[in-house]
Amino acid sequence: MTPPPSREHGDPGDGKTVDADRSFTDDEQVALVAGVAWTRFRNHMAGYRSLFELAARRDTMARDRPLELQRLGRSLGSAKRRTVETAVAEVARRIEADFAAKAETGGEAPDIAGGLRHPVAVEQAIAAVIVGMGRDMFDRDEATLAVAVGSNGDAARYAMEYALWTRGEAPSTVVGRTLLPAVVASFGELLGGLVRLWLTVDDKAIDKKQIPVGLLRKYPPQDILRRVVDETTDEVIGQGLTKWNKQLAEKPGVRLDSLTEAWPQLVEAFARRNAIVHAGGVADSVYIGRLPEGADEPQLGTPLVCDKRYTEGVLAAVEDFAAALTVAWLARLVPESDQAAAVAEGEVVRALKEKRWRDAKTMAVAALGPLGEDHGHHQLRVNLWMARRELGEDWPKLQQEILGWEPPDDDPDYAVAKAALLRDEQRTLGELRRLQAIGHPIADMADWPLMRDMQQRSKAIASTFRGAATGPQRPPPRPNTRRKRQR
């Protein structure tokens, strides 16, 4: 529903008039540059999702034993191999019981003798028993595993290889841990592109008095600005999420933590990325110190697992956050244009379909806020009302706003949208039937967030859309009742 962007005629300097279809307004140029960064980010995320979905499908497949594990198993023989595997499984079961008890005892696990033990990883316990440390620390495991292994070097190696293989992470978890740094890097690349754009188009963004004299002597004027913009962008991007939030709230005036409900989740994800890169993927003091207020703090050394559920949540949160950031950035840089609204329309619909009401409202308000009440972005107007309705805002006030709105005459779909906003079943049905009577297609409207809501509330409306999707049905063929000729 967005009107086509305006075009300006220009003078290229040779006296010729530039064709209107080949020149862009300043606002459109800004939007095009921002669109490059946004499109690159979306392409990256699409690739990450494809890779992760492939790994998740592998989760359900049986894992083949590594070749070295197979070789060691054959050298032991089937009876010895089964004995060692049973003993390893018993150690693993007991260690897991320790970790389960840990949560109930504030960090220590009870020993069978009634004392306390600090829980250890399964591999640590097995290694300790094999090398003879188990008599003091792991007495209860000595009888099974130590006897099974004995002094057989191949059996000892098989026990450790088998323990590592059986405790191995699912493919989606391995890929999730690999993807998290890449996802954070892609978001940083998007933010860097937006910051670079802002520094370039905003004359007040850089204090030109602070440009070093050496640069003035080294580069021509246009290159000096480009150099300073790049260096300033690098300084901003190198600071991290929480510092971005503080600095960018001052200039250019975009508060990152106001753009998404998932801010605490994002703060944790960015901290986890740093722990993966710098601390071997376990909770260190830096990770714990960066957690958002109120978050559960793990013990030092706790592995930070990026399993399927965690990674899917982070991918969605970062992508949604990036969309809201791009909309807010365009609204800040080109406030009186249609560019922010053009990006926001599809993203707001997606947020409504996913029932992210506050995210939908945030993007719609950012895009429409600088525009006057007579703007032509009716899709955003309608979807903003829906988000506010679902958030439980003052219904009499919203109802008054909706009733006072006159849908555009040239797009009859919005008469249906107005009725659906009011959740008026009969009026919605009447408008749908009126459209059908004049030959106006309604099948595509079934996927609107508003229409999804109404179909769940009204069997008659759901039936109307089903009929529109299937089209008029031919009557079933009449049965052939004629007798076959006898030959």
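Which of the residues belonging to segment 259-292 are open to solvent by 30 Å² or more (accessible area, probe 1.4 Å) and either free of Cβ contacts under 8 Å to residues at least 12 places away in the same chain or on the phi > 0 side of the Ramachandran plot (or both)? Scanning segment 259-292 gives His278, Gly280, Gly289.
Hey, can you tell me all the residues within segment 44-74 that are open to solvent by 60 Å² or more (accessible area, probe 1.4 Å) and over 42 Å from the mean Cα position of the chain (by Cα)? Arg71, Arg74 - these are the residues of segment 44-74 that are open to solvent by 60 Å² or more (accessible area, probe 1.4 Å) and over 42 Å from the mean Cα position of the chain (by Cα).
Name the one entry in Leu325, Leu380, Leu421 that is within 22 Å of Thr39 (Cα to Cα) and over 17 Å from the mean Cα position of the chain (by Cα).
Working: Leu325 fails: over 17 Å from the mean Cα position of the chain (by Cα); Leu421 fails: within 22 Å of Thr39 (Cα to Cα).
Going through Leu325, Leu380, Leu421 in turn, just one is within 22 Å of Thr39 (Cα to Cα) and over 17 Å from the mean Cα position of the chain (by Cα): Leu380.
Looking across Leu352, Leu315, one residue alone is surrounded by fewer than 20 Cβ atoms within 10 Å (Cβ to Cβ) and closer than 20 Å to Trp263 by Cα. It is Leu315.
Filtering segment 24-43 down to residues that are among the aromatic types (Phe, Trp, Tyr) and more than 15 Å from Ala344 (Cα to Cα), which residue is nearest to the chain's Cα centre (by Cα)? Quick ask: steps written out before the conclusion?
From segment 24-43, those among the aromatic types (Phe, Trp, Tyr) are 24, 38, 41; that's our starting set.
From the residues that got through so far, the ones that are more than 15 Å from Ala344 (Cα to Cα) too are 24, 41.
Numbers: Phe24: 33, Phe41: 12 Å.
Looking at the filtered set, the residue picked out is Phe41.
Could you pull out the residue among Ala316, Ala341 that is touching a helix residue (DSSP H, G or I) at 6+ places or on another chain (Cβ under 7 Å) and of a type outside the set (Lys, Arg)?
Working: Ala316 fails: touching a helix residue (DSSP H, G or I) at 6+ places or on another chain (Cβ under 7 Å).
None of the other options fit; the residue is Ala341.
For segment 223-231, does any single residue satisfy the condition of being over 25 Å from Ala55 (Cβ atoms), open to solvent by less than 70 Å² (accessible area, probe 1.4 Å) and touching a Ser or Thr at 6+ places or on another chain (Cβ under 6 Å)? Break it down stepwise before answering.
Keep residues of segment 223-231 that are over 25 Å from Ala55 (Cβ atoms), which gives 223-231.
Going one step further and asking which of them are open to solvent by less than 70 Å² (accessible area, probe 1.4 Å), we end up with 223-225, 228-230.
Subsequent filtering for residues that are touching a Ser or Thr at 6+ places or on another chain (Cβ under 6 Å) retains 229.
Yes, segment 223-231 contains at least one residue that is over 25 Å from Ala55 (Cβ atoms), open to solvent by less than 70 Å² (accessible area, probe 1.4 Å) and touching a Ser or Thr at 6+ places or on another chain (Cβ under 6 Å).
Count of segment 293-302 residues, restricted to those that are within 24 Å of the chain's Cα centre (by Cα) and surrounded by fewer than 14 Cβ atoms within 10 Å (Cβ to Cβ), is 4.
The values are calculated or read from the model by the stated rules, or taken from the named source; none is laboratory data. What you see is a predicted model, and the numbers here were worked out from it, not measured in a lab. Neighbour counts are summed over all protein chains in view; Cβ atoms, including those assigned to glycine, are modelled from backbone coordinates with ideal geometry. For the accessible areas, the whole protein counts, side chains as well, though only heavy atoms, and no ligand, DNA or RNA atoms are used. Shrake-Rupley method; radii C 1.70, N 1.55, O 1.52, S 1.80 Å.
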